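The values are calculated or read from the model by the stated rules, or taken from the named source; none is laboratory data. Small disclaimer: the values here were computed from a predicted structure and weren't measured. Here Cβ is always computed from backbone atoms with ideal geometry, including for glycine, and neighbour counts include all displayed protein chains.
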Amino acid sequence: MKISTIDLFKISSLEEQKREDLYIGSLDPLQSDERLRLVPAFNQERDTIALVLMLVDMLPSVTEATDFDYFNACAAMRDIGIMLGSLKRHGVEPVHVIPELEEKLNIIGNITDLPPRDTLIHYVRWNPEDARLRTYTGTEDERQLIKSVQLSIHPLYEAILSLNDLYSLPLSSPEFAPLCDKVITEFDGMVQGVVNAKRNVSPQYFAEELRFYFDPIILNDREYLGPGAVEMPVFVFDHILWNCDLEDKMYTEFKKAYVPYNQAMMRDLYSAYEYSPSLVNKVINELIGEYQVSDIKLRSAKTLVKLFNLLKSFRAPHKKLADEAYKHAEKAAYREKGSGGYEPGVLQYILQLNLQALDRLKESIQLYENKQIPY
Ligand code: HEM
């Protein structure tokens with residue numbers, strides 16, 4: 001797909017998407033509003049038998065599952081997902097105890113055009129509010145974790161779409177700097193999400209309890225990851241801004257692992273940039289190919305540095321939060337891997353790559369500035 005065709009993505013505007021989220025949130029196709037309120041107590045008591053019986057009772061028949069429309073399928077997967085994560089938290093592989101799950105999850109996953117289990121989108125965007133909120137633990141920490149991602153996920157989508165627009169502008173465009181500022185304002189939602197988590201989610205509780213509900217489950221003879229915040233498409237933002245052309249095996253594998261947990265719009269956007277220069281390299285090339293310094297280009301490039309700095313303002317405190325959580329983890333509960341299946345060390349690795357790209361941009365701006373006195 002060509003990058004120029006990406007405007008098509010906006011057919012379903014983000015406002016429409018938010019309305020759709022509320023609608024899916026309002027649905028209860030498995031009549032689970034009441035019974036899901038019992039889940040936190042079952043989890044606290046580690047009552048896996050009660051959890052299995054509840055899930056069996058909730059499951060639609062194959063015919064009912066096949067007849068779900070898109071919206072009801074999304075809501076049904078959200079509710080089944082709470083049960084999957086709960087069982088797995090206690091070491092029970094859901095399909096081992098309920099074999100017919102596999103066929104039903106595959107049917108529902110097909111209708112939603114997402115994996116055959118719940119994702120972060122089900123857990124956060126399609127989770128209803130207040131008394132109907134679906135949680136594993138019923139704790140304020142979990143509610144605040146959900147809220148942290150709610151604060152940031154739509155602003156992140158907006159930032160990605162605006163970054164996609166920015167990509168097609170040359171540095172000489174007077175629109176470059178204002179649009180880049182718009183991306184900055186939108187991406188700030190990510191920073192707010194981390195601030196909220198830092199204030200309201202105990203790192204110790206996250207490390208010792210919450211993250212285990214996001215563990216992968218086995219389906220179709222492979223693993224499917226659970227609905228952790230790591231599934232957010234920050235990697236799509238990175239991909240466009242600084243790394244779709246970066247040859248780094250580990251980070252490329254990381255990105256590819258999470259692409260399928262995002263909706264078609266993000267998956268297509270990811271593919272569209274796979275063989276393109278990143279925005280930062282496009283900008284560096286524009287700077288080094290010039291013999292005269294222009295104020296407008298300089299301003300554009302410096303605004304891009306501001307955007308990079310904001311990415312750092314998300315990553316550095318988020319890494320600190322993760323480090324604190326894993327430091328607090330009790331020895332018994334300690335595992336190297338995070339909820340997304342990666343070691344927490346991956347955060348340092350990504351941050352490092354991110355800073356290297358920023359340094360290259362800054363160096364090329366400095367060289368550019370030193371060329372001549374601006375006219
Ligand atoms: C107590 C709170 C949190 C802890 C302890 C934590 C921990 C982690 C860890 C260990 C990873 C590594 C990957 C993995 O899980 O396998 C990760 C990745 C990630 N987390 Fe969190 N996280 C927290 C909250 C949040 C919040 C609130 C957001 C977003 C608003 C978020 C967004 C991300 C993203 C986007 C990644 C992918 C790596 C990156 O792009 O740098 N996390 N997190």
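Of everything listed in (1) more than 8 Å from the ligand (Cβ to nearest atom); (2) touching a Phe, Trp or Tyr at 6+ places or on another chain (Cβ under 8 Å); (3) under 24 Å from D130 (Cα atoms), the single unmet condition for H154 is (2). Could you say whether any residue in the range 168-187 is within 14 Å of the ligand (Cβ to nearest atom) and either in a helix (DSSP H, G or I) or modelled with pLDDT of 95 or more (or both)? Taking every residue of the range 168-187 in turn, at least one turns out to be within 14 Å of the ligand (Cβ to nearest atom) and either in a helix (DSSP H, G or I) or modelled with pLDDT of 95 or more (or both). Going through the range 217-233 one residue at a time, which ones are out of contact with any Ser or Thr (no Cβ under 9 Å at 6 or more places or on another chain) and within 14 Å of the ligand (Cβ to nearest atom)? Result: E223, P233.
Conditions (1) in a helix (DSSP H, G or I); (2) touching a strand residue (DSSP E or B) at 6+ places or on another chain (Cβ under 7 Å); (3) touching a residue at least 60 places away in the same chain (Cβ under 8 Å); (4) within 16 Å of the ligand (Cβ to nearest atom), marked per residue:
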| site | (1), (2), (3), (4) |
| --- | --- |
| Q192 | yes, no, no, yes |
| A197 | yes, no, yes, yes |
| P260 | yes, no, yes, yes |
| M265 | yes, no, yes, no |
| E286 | yes, no, yes, no |
| I296 | yes, no, yes, no |
| R299 | yes, no, yes, no |
| T303 | yes, no, yes, no |
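Taking the range 140-167 as the range and being farther than 18 Å from L310 by Cα, in contact with a helix residue (DSSP H, G or I) (Cβ under 8 Å, 6 or more places away or on another chain) and either modelled with pLDDT under 95 or among the charged types (D, E, K, R) (or both) as the test, the residues that pass are E140, D141, E142, K147, D165. When you look at E103, is it more than 20 Å from G226 (Cβ to Cβ), in a helix (DSSP H, G or I) and free of Cβ contacts under 8 Å to residues at least 40 places away in the same chain, yes or no? When the stated conditions are applied, E103 does not pass them. Scanning the range 232-258 for residues that are within 25 Å of V283 (Cα to Cα) and part of a loop (DSSP other than H, G, I, E, B) yields P233, C244, D245, L246, E247, D248. Contact map, the range 157-183: first residue closer than 17 Å to V234 by Cα and touching a residue at least 12 places away in the same chain (Cβ under 8 Å), second residue of a type in the set (S, T, N, Q) and in a helix (DSSP H, G or I), Cβ cut-off under 6 Å, separation 6 or more or different chains; pairs are C180/T303; K182/S162; V183/S162. If you check I98, I11, I3 for being at pLDDT 95 or above and of a type in the set (A, V, I, L, M), only one passes: I98. Note on the range 55-88: residues that are closer than 17 Å to T119 by Cβ, crowded, with 19+ Cβ neighbours inside 10 Å and touching a Phe, Trp or Tyr at 6+ places or on another chain (Cβ under 8 Å) total 9. So which residues in the range 52-66 are under 16 Å from H96 (Cα atoms) and in contact (Cβ under 8 Å) with a residue 40 or more places away in the chain, if there are any at all? Once the filter is applied, which keeps residues that are under 16 Å from H96 (Cα atoms) and in contact (Cβ under 8 Å) with a residue 40 or more places away in the chain, the range 52-66 yields V52, L55, V56, L59.
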